1. Name the shape class, rounded, prolate or oblate, that the alpha-carbon gyration tensor gives for the range 18-115, where a ≥ b ≥ c are the square roots of its eigenvalues, rounded holds for a/c under 1.5, and otherwise prolate holds if a/b is larger than b/c and oblate otherwise.
2. If one takes the longest principal axis of the Cα atoms in the chain, at what angle in degrees, from 0 to 90 and to the nearest 10, does the Cα axis of helix 351-362 lie?
3. Can you return the lysines within cross-link range of Lys114? Criterion is Cα-Cα under 25 Å, with same-chain partners fewer than 8 residues away left out.
4. Test of understanding: what is the full-extension gain from Glu364 to Arg398, defined as 0.36 nm times their sequence separation minus their Cα-Cα distance?
5. I want the antiparallel fraction of DSSP beta bridges within the range 94-181, as a percent rounded to 5.
6. Can you find, among Ala413, Gln191, Ala307, the residue sitting farthest towards the positive end of the charge dipole of the chain, where Lys and Arg contribute +1 and Asp and Glu -1 at Cβ?
7. Using a 1.4 Å probe on the protein heavy atoms, what percent of the accessible area of the chain belongs to carbon and sulfur?
8. Against the longest alpha carbon principal axis of the chain, how many degrees, from 0 to 90 and to the nearest 10, is the axis of helix 437-446 turned?
Amino acid sequence: PPTFVGRFGEERPTVILTNPPYAGTTEGKIDDPDILLQFDVAKIWRDNVPTQTLITGGTPPELLFLERCVRWLRPGGRLGIVIARGMLDTATALATRKLVLSTTRVRAVVSLHKDTFQPYTGVKTCILILEKPADPRELEPDYPLFMAVSRKIGQDSEGVPVFKLDDQGHETEELDHDLGELLTAYRRFRQGPSTPSEYIFSVPKSALNQSTLNLNPQHYLPAYNESIRRALQIGEQEGWVTKTIGNIDPQVFKGARFRRQNLETDMLEGPSIEPFFTPAALLQDRGDSVKHLDLSKATQRQRAAIAASRAVKDELLITRSGTIGRVIYVTRQLAGRLISDDLIHIKVEDDALRYYLYVLLKSELGQHQMLRNEYGSVQLHLELSHVKDIIIPIPEDRGLIEQIAQPVRLSIAAKERSWDMENRARTLSRQIVQGSTDEAEQHIEQE
């Protein structure tokens with residue numbers, strides 16, 4: 001409105017505080033070229049300079065709001081903005097990070113708890129505090145960025161308040177959140193060097209990867225990076241080597257993707273009915289959330305993808321969407337099952353090395369490296385390259401690998417036997433319920 005623009009506008013406000021609307025899904029992106037050509041964050045950048053070529057697929061509105069805020073700030077002004085966390089690390093927001101880092105000083109990046117805006121939105125968010133230099137030529141090439149991760153926000157995912165407990169375990173009237181702690185730490189940081197903690201620390205601008213410019217605090221958590229340091233340190237010891245999973249030479253690939261909406265059915269049995277395992281179903285003992293597909297309805301293209309979507313015995317699976325980094329060993333019972341493409345497959349022919357790798361991926365060392373690279377605003381993701389780049393220390397002594405592998409080998413075999421025995425019990429129970437007591441008693445005598 002004219003009355004608004006008359007008071008504000010480009011390089012006029014000294015402070016902007018805002019929580020702009022964000023897309024959350026691809027349907028919310030802005031794709032009007034007349035609008036997008038006004039914004040550098042909507043364009044492809046080359047040599048750190050925006051071109052006139054627009055990024056395909058449109059641009060989330062929150063990124064346009066961010067650029068508008070930066071342009072409006074008076075030199076020396078400050079911006080505090082709540083924004084979708086995908087701005088910090090996704091490839092689609094790389095142009096935005098280039099604009100931010102080339103035109104402002106990043107004072108603070110705070111990753112907010114996932115329940116901060118629940119139950120109204122599940123989009124994961126962060127707070128950015130930026131400062132526009134009084135003279136663009138005075139923008140420092142290097143400086144420390146305050147980073148923090150909020151771990152509690154004083155409410156649950158339904159918006160129900162969560163209060164602190166006293167020494168006797170009784171609820172107080174004080175909301176249980178850590179934003180005050182983060183604010184205090186930020187003020188100390190502004191006054192001078194401060195002691196970092198597990199979730200509050202600083203990162204020099206020069207430490208940012210120049211190809212990704214990742215600003216997500218989780219990527220720089222001291223504990224996660226300490227795991228990488230430890231893995232490298234072990235590999236430097238005599239009798240050890242350090243390799244990435246990609247260099248160990250297993251097959252590492254994403255699962256096949258196919259649209260299954262036309263195949264889903266409520267029928268549980270039939271000649272063309274097969275169970276379909278999502279990552280959640282694979283992680284459940286009985287696969288309670290398994291879906292069922294009617295393969296007779298599959299098109300030729302779907303059939304080809306389905307053929308490549310079956311689990312193979314003794315391969316490792318890693319969840320790559322939603323809850324990322326969960327490691328699953330494909331047992332005899334899971335072999336041949338249709339599984340989701342939200343999984344990364346690892347095939348290792350050497351069985352001892354496979355069991356060793358399985359243990360390492362489930363350990364803190366492996367988990368920290370995967371969590372370090374998760375990204376996204378609505379749903380978290382892990383890329384194939386992130387798994388291939390996981391650092392694994394490997395002993396040159398084959399006997400040590402076998403020492404670790406053998407208990408895992410026995411554990412997997414015991415799990416398979418356990419499932420077999422439980423399935424037998426379920427079969428007997430079903431026969432008794434159906435009245436086939438003679439047949440059930442015969443089975444029991446055989447057992």
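The values are calculated or read from the model by the stated rules, or taken from the named source; none is laboratory data. Everything quoted here is computed from the prediction, not taken from an experiment. A quick note on method: Cβ atoms are made from the backbone with ideal geometry, for glycine too, and the neighbour counts reach across all protein chains shown. Areas reflect the complete protein model, heavy atoms only, side chains present, ligands, DNA and RNA absent. Shrake-Rupley method; radii C 1.70, N 1.55, O 1.52, S 1.80 Å.
1. Values: a/c = 1.56, a/b = 1.13, b/c = 1.38.
Oblate, because a/c is 1.5 or more while a/b does not exceed b/c.
2. 40 degrees
3. Cross-link targets: Lys29, Lys124, Lys152, Lys164, Lys362.
4. On the way: separation 34, 0.36 × 34 = 12.24 nm, distance 2.28 nm.
Fully extending the segment from Glu364 to Arg398 adds 10.0 nm.
5. So the antiparallel bridges amount to about 70 percent of the total.
6. Positive-most Cα among the choices belongs to Gln191.
7. Values: 12080 of 24120 Å².
Its accessible area is 50 percent carbon and sulfur atoms.
8. Between helix and principal axis, roughly 90 degrees.
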